[in-house]
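Here's the structure, in C-alpha cells; my notes come after.
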Amino acid sequence: MSVPRWYTLAGPAYLAALLAVDTQVGLHGQLVLGGSTWLLLLAALRPLPALARAQALAVVAFATVGEVTGSLVWGVYRYRLHNLPLFIPPAHGLVYLSGLALVRVVRTRWLVAAAAAGSIGWALAGLTVLPRLDVAGAFGVPLLCLFLWRSRSRAVYAGVFLVVAALELYGTSIGTWRWAVELPGLGIPDGNPPSGVASGYVWFDVMALLVAPWLVYAAGRLKPKLASRSSGVFRNSSRRIEPSGTISASGASSSSSVRT
C-alpha cells in the first residue's frame, strides 16, 4: 500500500496551523493541541504498511530523546513556555511521513539536488550574510551531504530535510521556539534556526530505519530472517553507505532505497 501523496501537503499544512495556534494559547491549550496531534498521527499511520508505521514511531521516540536533551537539558533552544509541548513528539512523526510522501511527488534527482543546494547555501549564508553568525549550524551540513551522496535512502533524507527546514524557518519566525545565540557551555555561535538543525534530523531517520524492522518483527509481523536482512548495520562499500530497512515509495518493505 502506498504512502499517500496528499500527505506531502496535508502534514506541513497541519503543522503550520498547529504552530500558529500554539502562539495564542497557554499550557491547557497546548495539551489540547497535543492530544489532537497524537490522534492525527495515529489516523495517518492506520492505512500504512507495518514497516512504515514502525519507522514513524521510531522517529518519534528518537526525536523525543533529542528534544529532551537539546531543549530541556542542554538549553540549545527553548519553546515559548520553556517546556516540551505535548504536540512536539507526534509532530516529528508527521514530519517523517510528509518527507516520505514527498519522495512520491518529486523525482529523486531533483529532490536530492534541492536538499544539497539548500543546505550548503544556508550554511554559507549563516557564515557570511545572515544577521546571526551560524558556526554551529554549519557543522551539521556536511553530515547531510554525506548521506545525500552515499546512501540509497537519500531521497527520504532529502524529503525530510526540506520539510524540517521549512518548519524551522516558520516556527522560529512566529516565536514558537527560539535557538540560543551560542551553544551553552561551548560558546559556538548558533543561528535561529541553525542551518545544521535540519541536517541533524537525519540521525533520527537513520536510527529509525535501523530499528524499525526489528520493531515489526517483535510485533509478530516479520519473519526473523526478513528482519535480520532488513535491519543490519551500516553497509559500507566502495560506493555507498546505508542503514537498510527502508520502505519503498509504493509502500512495500525492502532493504533497497526509496526511488533510488
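The values are calculated or read from the model by the stated rules, or taken from the named source; none is laboratory data. Everything numeric in this text was worked out from a predicted model, so none of it was measured. Glycine also receives a Cβ, built like all others from the backbone with ideal geometry; neighbour counts cover every protein chain displayed. Areas reflect the complete protein model, heavy atoms only, side chains present, ligands, DNA and RNA absent. Shrake-Rupley method; radii C 1.70, N 1.55, O 1.52, S 1.80 Å.
Things to note:
Conditions (1) modelled with pLDDT of 50 or more; (2) assigned to a loop (DSSP other than H, G, I, E, B), marked per residue:
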| residue | (1), (2) |
| --- | --- |
| Ala155 | yes, no |
| Val164 | yes, no |
| Gly185 | yes, yes |
| Pro213 | yes, no |
| Tyr217 | yes, no |
| Arg235 | no, yes |
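- The residue list Ser173, Ser98 contains one member that is within 24 Å of Gly34 (Cβ to Cβ), loosely packed, with under 15 Cβ neighbours inside 10 Å and of a type in the set (Ser, Thr, Tyr), which is Ser173.
- The set of residues from region 186-222 being more than 30 Å from Tyr170 (Cα to Cα), touching a residue at least 12 places away in the same chain (Cβ under 8 Å) and open to solvent by 50 Å² or more (accessible area, probe 1.4 Å) comprises Trp214, Leu215, Ala219, Arg221.
- Residue match in region 105-123 (condition: of a type in the set (A, V, I, L, M), open to solvent by less than 20 Å² (accessible area, probe 1.4 Å) and farther than 30 Å from Pro47 by Cβ): yes
- Total residues in region 11-35 satisfying the condition of being among the small types (Gly, Ala, Ser) and in contact (Cβ under 8 Å) with a residue 40 or more places away in the chain: the figure is 6.
- Within region 47-73, residues that are at pLDDT below 95 have Cβ atoms under 7 Å from residues that are of a type in the set (S, T, N, Q) in these pairs: Pro49/Ser253; Leu51/Ser253, counting only partners at least 6 apart in sequence or on another chain.
- Residue in region 35-43 that is within 29 Å of Gly185 (Cα to Cα) and either small (Gly, Ala, Ser) or surrounded by 21 or more Cβ atoms within 10 Å (Cβ to Cβ) (or both) present: no
- Where Val129 falls short, out of the listed (1) modelled with pLDDT of 95 or more; (2) surrounded by 18 or more Cβ atoms within 10 Å (Cβ to Cβ): (2)
- Filtering Ala17, Ala13, Ala58 for residues that are among the small types (Gly, Ala, Ser), outside any loop (DSSP other than H, G, I, E, B) and open to solvent by less than 40 Å² (accessible area, probe 1.4 Å) leaves a single hit, Ala58.
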